[in-house]
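Student: Structure provided below as structure tokens; questions to follow.
The values are calculated or read from the model by the stated rules, or taken from the named source; none is laboratory data. These numbers come from a predicted model, not from an experiment. Positions of Cβ are backbone-derived with ideal geometry, glycine not excepted, and every protein chain shown enters the neighbour counts. The area values use the complete protein model at the heavy-atom level, side chains included, leaving out ligands, DNA and RNA. Shrake-Rupley method; radii C 1.70, N 1.55, O 1.52, S 1.80 Å.
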Amino acid sequence: MKKLQVKTNHVALVFKQGELQRVYTAGEYWLWGEKEVMEYNMSEYFGMRRDIEALLLNTELRGMLEVIDVMDNEVVLVYKNKVFNVVLGAGRHIYWKAATEYSFERYTIDGLEVDKTIARNIMGKGNMSNFVRMYTVGANEKGLLFVDGQFQEVLNAGEYRYWKNDIKVQIILVDIRQQVMDMNGQEILTKDKVQLRINFNLVYQVQDLLNAYVDNKEVEKQMYNVVQLMLREKVGRMSFDELMESKENLSSEILNGVKEEIASLGIEVKNCGIKDIILPGDIREIMNQVLIAEKKAQANMITRREETAATRSLLNTAKLMEENEMLMRLKEMEYIEKIADKVGEISLSGGGNVLKQLKEVFSR
């Protein structure tokens, strides 16, 4: 004989040779003979046993349990004391009825959208993510919903919830803001056989989502190819010098050439242009030599222009001095002053005209 103490909110199952003999609730009991005792906390999940079907044949135990059978196309949401606890998938689940207040909500999941009566704030809790697919469409985006490979609808900004089942769901997110496509390293041969690398960019915006992403496949690649072919065609018809002189006009021609064709894809081209033209090493060296020669020629021209102006000024001064003796004397005095600045000492003898003696000194 042994004493059995069953605590409050607990249940003890007493087995003899594997057979359930009796169910004991809170209290003290005496057991005779060899018995196996399993004690359960009624505030916890009962759990599954291999012999669960046999246990449920016991009327007393069966009345204490909440048996929930979930079908393959169902889920059951479990709330413990009115707070979301867990999601039950297909199978049999057993809870104690007493002690803790459990409530259950059953939903079929063979449809697409999650029932709107299910609170949004529980989507990230527990194991809900095992049963629900969640998608977010941003404020600057549109979503294209495909169900089993077929387009269904355009989704605006917001959150969308779909059951995880056999239905294939795909959402393509499209940025509806103005965007830039860079086309770097385009190797192109000009008409005069100069090989260049051109960096080109394109500013565009999606206008017709269905046309761009439902009626067309890989629309960005198609747009890239259209612009690339037009760029090659235009550059290939120009010589290198023509290209360098008319880069801005070339961008406008390409824009006009591709705008209509890209518009048929549901996309509007806002602008395009050449960012960089990268020359081969030998061509770059030649261009540098040409630039240096041009700058030298410009410098020589400026020098000759200054020399001519200086000579013309001297000629005009000479004519004035020839016509005016006083001006001639003043000019002489100016030069004597400049020379005197560079002379350390001057000695004059006797009287007479000092200016005349100075003039004779500097004229020797």
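Student: ALA98 versus (1) open to solvent by less than 60 Å² (accessible area, probe 1.4 Å); (2) at pLDDT 90 or above; (3) among the hydrophobic types (A, V, I, L, M, F, W, C): which is the lone unmet condition?
Tutor: (2)
Student: Also, I was wondering about something else. Just to be sure I understand the filter: pairs with C-beta atoms under 8 Å, separated by 6 or more residues or on different chains, first member in the stretch 187-215 and closer than 30 Å to GLY149 by Cα, second member among the acidic types (Asp, Glu) and surrounded by fewer than 14 Cβ atoms within 10 Å (Cβ to Cβ). Which pairs pass?
Tutor: Going by the 8 Å Cβ cut-off, the qualifying pairs are VAL206/ASP175.
Student: Quick check on the stretch 130-152: of everything there that is over 14 Å from TYR162 (Cα atoms) and not in a strand (DSSP E or B), which residue is most open to solvent (accessible area, probe 1.4 Å)?
Tutor: If we take residues in the stretch 130-152 being over 14 Å from TYR162 (Cα atoms) and not in a strand (DSSP E or B), then ALA139 is most open to solvent (accessible area, probe 1.4 Å).
Student: Is it the case that LEU77 is outside the structural domain of LEU155 (by the TED database) and in a strand (DSSP E or B)?
Tutor: When the stated conditions are applied, LEU77 passes them.
Student: Right, something else. For the stretch 103-142, name all the residues that are touching a strand residue (DSSP E or B) at 6+ places or on another chain (Cβ under 7 Å) and among the small types (Gly, Ala, Ser).
Tutor: SER103, GLY111, GLY126 - these are the residues of the stretch 103-142 that are touching a strand residue (DSSP E or B) at 6+ places or on another chain (Cβ under 7 Å) and among the small types (Gly, Ala, Ser).
Student: Here is a follow-up. Quick test of your reading of the structure: GLU187 fulfils all but one of (1) closer than 30 Å to LEU77 by Cβ; (2) at pLDDT below 95; (3) part of a strand (DSSP E or B). Name the failing condition by number.
Tutor: (1)
Residues are listed down the side, and each one gets a yes or a no for (1) surrounded by 13 or more Cβ atoms within 10 Å (Cβ to Cβ); (2) touching a Leu at 6+ places or on another chain (Cβ under 8 Å); (3) modelled with pLDDT of 75 or more:
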position	(1), (2), (3)
GLU248	no, no, yes
LEU255	yes, no, yes
GLU261	yes, no, yes
MET287	yes, yes, no
ARG312	no, no, yes
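Student: Which members of the stretch 24-38 meet the condition of being assigned to a strand (DSSP E or B) and more than 19 Å from ARG50 (Cβ to Cβ)?
Tutor: TYR24, GLY27, GLU28, TYR29, TRP30, LEU31
Student: I need the full set of residues from the stretch 151-198 which are farther than 13 Å from TYR135 by Cα and of a type in the set (Phe, Trp, Tyr), in order please.
Tutor: Matches in the stretch 151-198: PHE151 only.
Student: Go through the residues of the stretch 160-179 one by one and say whether even a single one is modelled with pLDDT of 90 or more, out of contact with any strand residue (DSSP E or B) (no Cβ under 9 Å at 6 or more places or on another chain) and either assigned to a strand (DSSP E or B) or surrounded by 15 or more Cβ atoms within 10 Å (Cβ to Cβ) (or both).
Tutor: Yes, the stretch 160-179 contains a residue that is modelled with pLDDT of 90 or more, out of contact with any strand residue (DSSP E or B) (no Cβ under 9 Å at 6 or more places or on another chain) and either assigned to a strand (DSSP E or B) or surrounded by 15 or more Cβ atoms within 10 Å (Cβ to Cβ) (or both).
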